[in-house]
1. Give the calculated FRET efficiency between Val4 and Glu76 to the nearest 0.05, with a Förster radius of 45 Å applied to their Cβ-Cβ distance.
2. For region 1-152, what's the relative contact order in percent, using C-alpha pairs closer than 8 Å and at least 6 residues apart?
3. For region 53-92, what does the relative contact order come out to in percent, with C-alpha contacts under 8 Å and a separation of six or more?
4. Taking the beta-carbon count within 10 Å as an exposure proxy, list Leu3, Leu171 from fewest neighbours to most.
5. Any idea what Rg and Dmax come out to for the chain if you just take the C-alpha atoms, in Å?
6. Quick one: what are the phi-derived ³J(HN,Hα) couplings along region 99-108, Karplus 6.51/-1.76/1.60 with θ = phi - 60°, whole Hz, x for glycine and proline?
7. Under a GNM of the chain (C-alpha, springs under 10 Å), which listed residue has the highest mean-square fluctuation: Val48, Val106, Val32?
8. What residues have an amide H closer than 5 Å to that of Asp60, excluding those fewer than 5 places away on the same chain, when H is modeled at 1.01 Å from N in the peptide plane?
Amino acid sequence: MCLVCGGVFRPPVDFPSIQEEKTRYEEHENDVEDTRYQRFVSPITDIVQKEQSTNTIGLDFGSGTAPVISKVLDDEGYLIKQYDPIFCPDPNVLKSTYDYIVCCEVIEHFHNPLKEFNRLKGLLKPKGRLYCMTLLYHAGIDFANWHYQRDDTHVFIYQEKTLDWIRNALLFDSVKVEERLITFST
């Protein structure tokens with residue numbers, strides 16, 4: 001555990017390779033038409049629809065093999081682009097700025113969280129929002145038996161303290177935590 005930010009991380013020597021990550025992600029049986037999958041991502045799609053207009057432009061960062069958030073928002077008239085370092089690695093998408101960025105079950109895969117959060121902040125327009133979804137660790141969880149940390153691709157686990165540290169280090173205006181939904185504002 002990091003004594004500064006409270007994050008719990010795997011030693012870099014234990015990080016999976018890109019191919020190991022790709023293989024693991026391809027094991028997921030995600031389908032953008034699956035209503036259970038759409039419900040799973042609904043904390044993000046609901047808040048985007050509540051806080052953003054269809055005139056805004058978003059980025060689905062870490063969109064994966066089945067970009068369900070993009071599909072749900074697109075169906076509602078939102079313009080959202082996709083980026084995934086493995087499945088949709090279009091560097092041109094990272095040359096624009098966005099009103100909002102969504103990262104659903106992504107940030108726990110960051111090998112260098114500070115670098116990645118800094119990149120995401122740089123992709124946000126002024127008054128932009130970064131919506132993340134992940135499970136947070138807290139003292140009431142039996143870490144050794146917690147399913148979330150057993151996924152080898154989950155290399156960095158956050159606590160609320162970690163999110164506050166990121167907010168302060170990168171000068172986000174605020175961070176709000178609602179269960180597994182995290183919102184950073186610029």
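Coordinate-derived values only; no laboratory data. The structure presented is a predicted model; accordingly, all values stated were derived computationally and were not measured. With ideal geometry, Cβ positions are generated from the backbone for all residues, glycine too; neighbour counts draw on all protein chains shown.
1. Numbers: r = 40 Å, r/R0 = 0.89.
Working from the Cβ atoms, E equals 0.65.
2. Numbers: 188 pairs, mean separation 29.1, N = 152.
RCO, region 1-152: 19 percent.
3. Numbers: 57 pairs, mean separation 18.3, N = 40.
About 46 percent, as a whole number.
4. Working: Leu3 5, Leu171 8.
Fewest to most other Cβ atoms nearby, the residues stand as Leu3, Leu171.
5. 15.8, 45
6. 6, 8, 10, 10, 9, 9, 6, 10, 5, 6
7. Maximum fluctuation in the GNM of the chain, among the listed residues, is at Val32.
8. Lys81, Gln82, Tyr83, Val102
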